[in-house]
Amino acid sequence: MLKIENLHVEVGGKEVIHGIDLQIPEGETHVLMGPNGSGKTTLLRSIMGFSNYTVTEGRILFRGHDVTELPLHERARYGMGMMFQRPPTIAGLKLGKLLDVMSGGTPAKAYEYAETMNMSTFLERDLNANFSGGEIKRSEVLQLLVQQPDFVMLDEPESGVDLENIALIGKAIARLVDKDRHIVNRQKSGLIITHTGFIMDYLEADAGHMLCDGMIRCHGNPREILKVIQERGYQECIECAKV
Ligand SMILES: Nc1ncnc2c1ncn2[C@@H]1O[C@H](COP(=O)(O)OP(=O)(O)OP(=O)(O)O)[C@@H](O)[C@H]1O
């Protein structure tokens with residue numbers, strides 16, 4: 001589904017991603033871990049095609065198409081989607097209206113998802129206006145459920161969310177990436193940034209990657225990588241990767 005080759009990315013006048021190779025096959029969901037400031041958000045935004053992230057070397061292939069030079073909206077049209085960490089407030093645009101547009105003529109299904117995400121009472125509110133941190137996350141996941149991207153990227157979906165809503169969001173994300181389906185029927189893929197690994201209580205990630213200083217230092221079983229980080233810190237991962 002996604003193949004990244006020797007990706008270098010510059011943002012704010014400096015190189016933040018220094019040559020990343022990554023492959024996520026159809027039907028797989030991977031997690032991305034790493035210390036603060038290591039480049040995780042930059043990597044996700046570069047894959048999605050945010051305009052201020054400049055690819056200086058390497059390429060991004062999505063379903064075999066080279067999307068490296070494509071603008072964000074064209075990548076979205078190809079089937080890529082992303083949960084925004086701090087989406088803008090849009091006065092005058094009701095969440096319900098946005099879902100109508102996103103659903104492409106099937107608003108009933110969108111309202112059903114709104115019910116599932118406990119967002120029915122938010123449909124008449126301006127997008128993100130005074131939404132709490134947890135409500136913004138639920139609203140973002142709701143929009144992704146309505147859009148149904150083939151490949152979804154989520155930046156710390158569990159951060160700042162209370163325990164009950166982590167369960168709600170976790171189950172919805174599992175559904176988004178086809179983890180509620182039998183392994184042979186999974187067609188969607190995902191890439192999820194996590195510090196805590198809580199999201200893995202709701203979906204079994206197929207692989208994990210540890211990013212440090214703009215480079216992927218370790219690939220492998222996500223729970224094993226998380227355990228090493230928890231018990232021995234990031235430095236052990238970095239030292240180990242040098243061997
Ligand atoms: N627009 C920008 N201008 C200048 N520097 C930037 C910009 N965006 C990101 N950076 C820098 O790039 C580095 C990587 O940032 P990024 O947000 O990708 O890290 P992260 O791994 O997602 O961190 P965290 O775990 O704290 O969310 C940081 O040093 C950050 O300050």
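The values are calculated or read from the model by the stated rules, or taken from the named source; none is laboratory data. For clarity, every value in this text was computed on a predicted model and none was experimentally measured. FYI the Cβ positions are ideal-geometry reconstructions off the backbone, even for glycines, and counts take in every protein chain you see.
For this structure, a couple of remarks:
- The residues in the range 79-92 that are surrounded by fewer than 16 Cβ atoms within 10 Å (Cβ to Cβ) and either more than 23 Å from Pro157 (Cα to Cα) or modelled with pLDDT of 95 or more (or both) can be counted, and the count is 2.
- Where strands (runs of 3 or more DSSP E) fall wholly inside the range 1-107, the ranges with 2 or more residues that are closer than 18 Å to Leu176 by Cβ, in contact (Cβ under 8 Å) with a residue 60 or more places away in the chain and not charged (D, E, K, R) are 29-33, 80-83.
- Boolean, Gly104 is of a type outside the set (S, T, N, Q) and either out of contact with any strand residue (DSSP E or B) (no Cβ under 9 Å at 6 or more places or on another chain) or modelled with pLDDT of 95 or more (or both): yes
- Just one of (1) touching a Pro at 6+ places or on another chain (Cβ under 7 Å); (2) within 16 Å of the ligand (Cβ to nearest atom) fails for Met200. It is (2).
- Residue within the range 210-218 that is surrounded by fewer than 16 Cβ atoms within 10 Å (Cβ to Cβ) and either on the phi > 0 side of the Ramachandran plot or modelled with pLDDT under 90 (or both) present: yes
- For Gln148: the one exception among (1) modelled with pLDDT under 95; (2) at negative phi: (2)
- Members of the range 20-67 that are away from the ligand (no atom under 15 Å from the Cβ) and out of contact with any helix residue (DSSP H, G or I) (no Cβ under 9 Å at 6 or more places or on another chain): Asp21, Gln23, Ile24, Pro25, Glu26, Glu28, Glu57, Gly58, Arg59, Leu61, Gly64, Asp66
- Gly27 closer than 24 Å to Asn221 by Cα and buried (at least 18 other Cβ atoms within 10 Å of the Cβ): yes
- The number of residues in the range 1-19 being closer than 19 Å to Ile193 by Cβ and within 12 Å of the ligand (Cβ to nearest atom) comes to 5.
- Selection within the range 148-170 - more than 16 Å from the ligand (Cβ to nearest atom) and within 14 Å of the chain's Cα centre (by Cα): Gln148, Pro149, Asp150, Phe151, Val152, Ile169, Gly170
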